[in-house]
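Chemist: Can you read through this structure? Questions will come right after.
Derivation of every value follows stated rules applied to the coordinates shown; laboratory data play no part. Keep in mind that what you see is a predicted model, and the values were worked out from it rather than measured. Please note: Cβ atoms are built from the backbone with ideal geometry, for glycine as well, and neighbour counts cover all protein chains shown.
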Amino acid sequence: MKLSTKSSAYKPRAAKWFPIVLLWLLVLAVWQVGAWIYGPEVVPGVAETWRGAKELMEDGSLAKDIGVSFYRVLVGWSLGSLIAIPVGLIIGRVSPIRAIAEPFLNFIRFIPPIAFITLFLVWFGIGEQSKIALILYATLFIVMMNTLTGVLALEEDKVRSARSMGASEWQILLHVVIPATTPYMFTGIRIAMGTSYMAIIGAEMMAANEGVGFLIWNSRLFFRTDWIFVGLISLGLMGFITDRAVGWLGHKLLRRYGVVISSGARR
């Protein structure tokens, strides 16, 4: 009986992982077929990409570029989120401010971060400040608009109930508004993470001498498409790991506020 119980417990796991493994095998197969059709100069195969990755790992440049890009994303994304959340709460709760700020937000949020690269280089220089400022901009409006949406979605009856029980505006903010808005904040933070990676790659391609974006852009000079593929795969892995880490933290710290994340991020 114990053996049958164990085997039945493994079946759901196998059924869950089998489609995922099959999908990745299919992706690798299509990739390799593309390499055979177009040649390694245009589409490097799995083996060629792995050899390119080994070259970059052996001289330490891959780890350095990943570390630099991750540092820029983490700093800009964290600063943008820390600024956006309180500003979004203020705009959402104070009607006169919202009447002025909302049209401006709906105008400027449609200007993509990549459009500001040249201006940010002029304003902040070619150092780290311009890259971090660009990521901060990419994060700011996404998190702010999600926070604002959460505040506006709050049922007014909850606020009236808290006020009728003698709660101050500060207590209403802490114990009613913020808990109800937390799922929206968290969603904005996760979406902004993806936008931050897109912004930093554009910045590193145009004005940087290190980072994954620089690796991808610089590889074209040597016609090293295998290095380009290594950079693309590194970006995907960086984003995947970061998103899962943020999701895991959200599950552990914000479960009580009704934050819902995918099952994969909870493991």
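Chemist: Please report the orientation-averaged projected area of the stretch 73-180, defined via the convex hull of its C-alpha atoms, in nm².
Modeler: Values: hull surface 30.3 nm².
Averaged projected hull area, Cα only: 7.6 nm².
Chemist: How large is ³J(HN,Hα), in whole Hz, for each residue of the stretch 224-238 in order, when computed from phi with the Karplus curve 6.51 cos²θ - 1.76 cosθ + 1.60 and θ = phi - 60°, using x for Gly and Pro?
Modeler: Here the 3J(HN,Hα) series is 9, 5, 5, 5, 4, 5, 4, x, 5, 5, 4, 4, x, 5, 4 Hz.
Chemist: Just W17, W50, W123 to compare: in a GNM of the chain, with alpha carbon springs under 10 Å, which one fluctuates most?
Modeler: W17
Chemist: Right, another one. For a footprinting-style exposure proxy, rank T139, T149, T187 by other Cβ within 10 Å, fewest first.
Modeler: Details: T139 29, T149 16, T187 20.
The most exposed by this proxy come first: T149, T187, T139.
Chemist: A further question follows. Which ³J(HN,Hα) values in Hz, rounded to whole numbers, follow from the phi angles of the stretch 32-39 under the Karplus curve 6.51 cos²θ - 1.76 cosθ + 1.60, where θ = phi - 60° and Gly and Pro get x?
Modeler: Whole-Hz 3J(HN,Hα) from phi for the stretch 32-39: 5, 4, x, 5, 5, 6, 9, x.
Chemist: Which number gives the lysine pairs in the chain that have C-alpha atoms under 27 Å apart and are eight or more places apart or on different chains? It would help to have the intermediate numbers written out before the result.
Modeler: On the way: K2/K11; K2/K16; K6/K16; K16/K252; K54/K64; K64/K131; K158/K252.
Within the chain, the lysine pair count is 7.
Chemist: In Å, what Kirkwood hydrodynamic radius results for the stretch 123-204 from the alpha-carbon pair distances?
Modeler: Working: mean 1/r = 0.0689 Å⁻¹.
Computed over the stretch 123-204, the radius equals 14.5 Å.
Chemist: Right, something else. Which semi-axes, in whole Å and largest first, does the equivalent ellipsoid of the chain have when worked out from the alpha carbon gyration tensor as the square roots of 5 times its eigenvalues? It would help to have the intermediate numbers written out before the result.
Modeler: On the way: eigenvalues 319, 179, 38 Å².
After scaling each eigenvalue by five and taking roots: 40, 30, 14 Å.
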